[in-house]
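This report refers to the structure that appears directly beneath it.
The values are calculated or read from the model by the stated rules, or taken from the named source; none is laboratory data. Note that the coordinates shown come from a computational prediction; the quantities given were computed from them, not determined experimentally. For neighbour counting, all protein chains shown are included, and Cβ atoms are generated from backbone atoms with ideal geometry for every residue, glycine included. For accessibility, only protein heavy atoms count, side chains too; no ligands or nucleic acids. Shrake-Rupley method; radii C 1.70, N 1.55, O 1.52, S 1.80 Å.
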Amino acid sequence: GLFVWHLKSTGVRQVPCHFVHLCRIANDRLVTFQYFNFLKRMYVTQYNKDLSQRAKPKSDSVASPFRELQQLDQEKKVIYKIQPISPVHQPLSETWSREVKLAAEADSAATPVRAESKEDRQWKEMKLRLEDLPGILARLSKIKLTALVVSTASAGFAMAPVPFDLTCFLLASLGTGLASCAANSINQFFEVPFDSNMNRTKTRPLVRGQISPLLAVCFAASCGIPGIVLLTLGVNPLTGALGAFNIFLYTCCYTPMKRMSIANTWVGAVVGAIPPVMGWTAATGTLDAGALLLGGILYSWQFPHFNALSWGLREDYSRGGYCMMSVTHPGLCRRVALRHCLALIGLSTAAPVLDITTWTFPVISLPLNLYISYLAFRFYRDADRSSSRKLFFCSLWHLPMLLLVMFTCKKSFLEKEDKGDLLGGDHGRAMEIRLP
């Protein structure tokens, strides 16, 4: 027991000594670490028989996304004159303070060389200016896609077998455009985390923070609600119901399905096929075979158009987490594009059968449909970027040319009316004969 008590008392007396010793060791290590950190940032050399130090500014390896195109300036070496190194017997505290002072002076002198470029490449708060707001909202609503939607709806209105009503046409076009703007804005609101990973979409307004999500939602509501009300009250309830259904289908079905299944392409094709149907119903107020034929043409056209586009964006879609045919089923992507190009030939032939156009339409449109089918076959056979690019650019002019030829070969309203009167007269005479 006495021996144990002796060990404990000795350990207690030696605790302060051990504590001071550990603090000294830690202090020495700290000074050594700081000293080597100082030497890592600058080195001492002999320059014109004077002790000089050279500070090499560190260049940023990753440029900010807001200055991607800015090239890095050439690295510059700045030479500063320093005092001779202190003797070994000089106190450590004085040597350490001098080294820290020299490092601070070197950093402050080397800062102006790269200060401006570093400040420009830092993350900055995006400030919204009123003069930039129209362009930002145009990009938020995908103004080019909206223009395509309005043009297809106008084509459906023009193909309807009724007299042309300018007021109804303008109201239908405006309502369809507002509904498209709302759907595209909501789509971008939902896809901000995924668009930021894609090169094609990382410069969108919501991704860059040019506008707030609240402003985007308010803009979508201010477009969607008046658009549906305008189509319902100004045109007819059937067209308004189709517009509301298309917004729901695009935002609540197609948008989430892009990350779940390749069936999103077929759902998206239905979304693109509804605008010409809306144009037809706006003019006639009914949903008949002519509306379904126009919708079928737009439905089939979208597969070679989108599949060829997505083939060159497979890396982007993979980074964004989108489930596309070009990524997961490349063979099916090419086959579907070829099938629907051939389907356009059959749909063009069905137009005169349904008494929408004359028989000259399938004849004149045959070279257009054969050419895009040939490019789709090359895309199916070669499976490269060159063939997909040619098919995509062909689809851009194929649709307006096809709709223009279809409108040129449209049966006139007077001809149909005369034919209807003739059939009505023959039916009346037959009834008279049957009557006693």
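Suppose R0 equals 22 Å. What FRET efficiency, 1/(1 + (r/R0)^6) with r the Cβ-Cβ distance, do Thr286 and Thr408 give to the nearest 0.05? Write down the numbers at each step before the final one.
Working: r = 24 Å, r/R0 = 1.10.
The value I calculate is 0.35.
Could the peptides 240-246, 141-147, 300-306 be put in order, highest first, of the mean number of other beta-carbon atoms found within 10 Å of their residues? Write down the numbers at each step before the final one.
Details: 240-246: 20.9, 141-147: 16.6, 300-306: 23.4.
Ranking, from highest mean packing down: 300-306, 240-246, 141-147.
Write down the accessible area per residue of segment 130-260 in Å², having rolled a 1.4 Å probe over the full set of protein chains. Write down the numbers at each step before the final one.
Values: 5920 Å² over 131 residues.
I get 45 Å² per residue for segment 130-260.
Tell me, what is the 1.4 Å probe accessible area of Asp132, in Å² to the nearest 10?
60 Å²
When the Karplus curve 6.51 cos²θ - 1.76 cosθ + 1.60 is applied with θ = phi - 60°, which whole-Hz ³J(HN,Hα) does each residue of segment 247-262 get, with x for Gly and Pro?
Along segment 247-262, the couplings run 4, 4, 5, 6, 8, 9, 10, 5, 4, x, 5, 4, 10, 10, 8, 6 Hz.
Would you mind classifying segment 252-370 by shape? Square roots of the alpha carbon gyration tensor eigenvalues, ordered a ≥ b ≥ c; an a/c under 1.5 is rounded, otherwise it is prolate if a/b is larger than b/c and oblate if not.
Working: a/c = 3.42, a/b = 1.64, b/c = 2.09.
The shape class here is oblate.
Please quote Rg/Rh for segment 130-260 to two decimal places, taking the Kirkwood radius as Rh and restricting both calculations to Cα atoms. Could the numbers behind the result be given before it?
On the way: Rg = 15.6 Å, Rh = 15.4 Å.
Ratio of gyration radius to Kirkwood radius for segment 130-260: 1.01.
Taking all protein chains together and a probe of 1.4 Å, list Leu148, Leu230, Leu166 from the most accessible to the least accessible. Provide the component values of the computation, followed by the final result.
Details: Leu148 65, Leu230 45, Leu166 100 Å².
Descending accessible area places them as Leu166, Leu148, Leu230.
Search the structure for amide H atoms under 5 Å from the amide H of Thr357, placed 1.01 Å from N in the peptide plane, and list their residues when 5 or more places away or on another chain.
Lys411
Got a number for carbon plus sulfur as a percent of segment 130-260's accessible area, 1.4 Å probe?
Numbers: 4420 of 5920 Å².
Here it works out to 75 percent.
Per-residue accessible area for Thr203 at 1.4 Å probe radius, Å² rounded to 10?
Accessible area of Thr203: about 70 Å².
Could you please state, rounded to a whole Å, how far the C-alpha centre of segment 145-211 is from the C-alpha centre of segment 361-390?
27 Å
Using the basic label-point model (7 angstrom from Cα toward the beta carbon), what is the Asp382 to Val162 distance in nanometres?
4.7 nm
Going down the table (Lys390/Lys411; Lys142/Lys411; Lys258/Lys390), which pairs top 30 Å between alpha carbons?
On the way: Lys390/Lys411 33 Å; Lys142/Lys411 35 Å; Lys258/Lys390 25 Å.
Result: Lys390/Lys411; Lys142/Lys411 exceed 30 Å.
Which value, in Å² and to the nearest 10, is the accessible area of Phe190 when all protein chains are kept and the probe is 1.4 Å?
Result for Phe190: roughly 100 Å² accessible.
Pop the C-beta distance of Glu315 and Ala138 into the FRET formula with R0 = 45 Å and round what comes out to the nearest 0.05. Walk me through the numbers before you get to the answer.
On the way: r = 27 Å, r/R0 = 0.61.
That pair, Glu315 with Ala138, gives E of 0.95.
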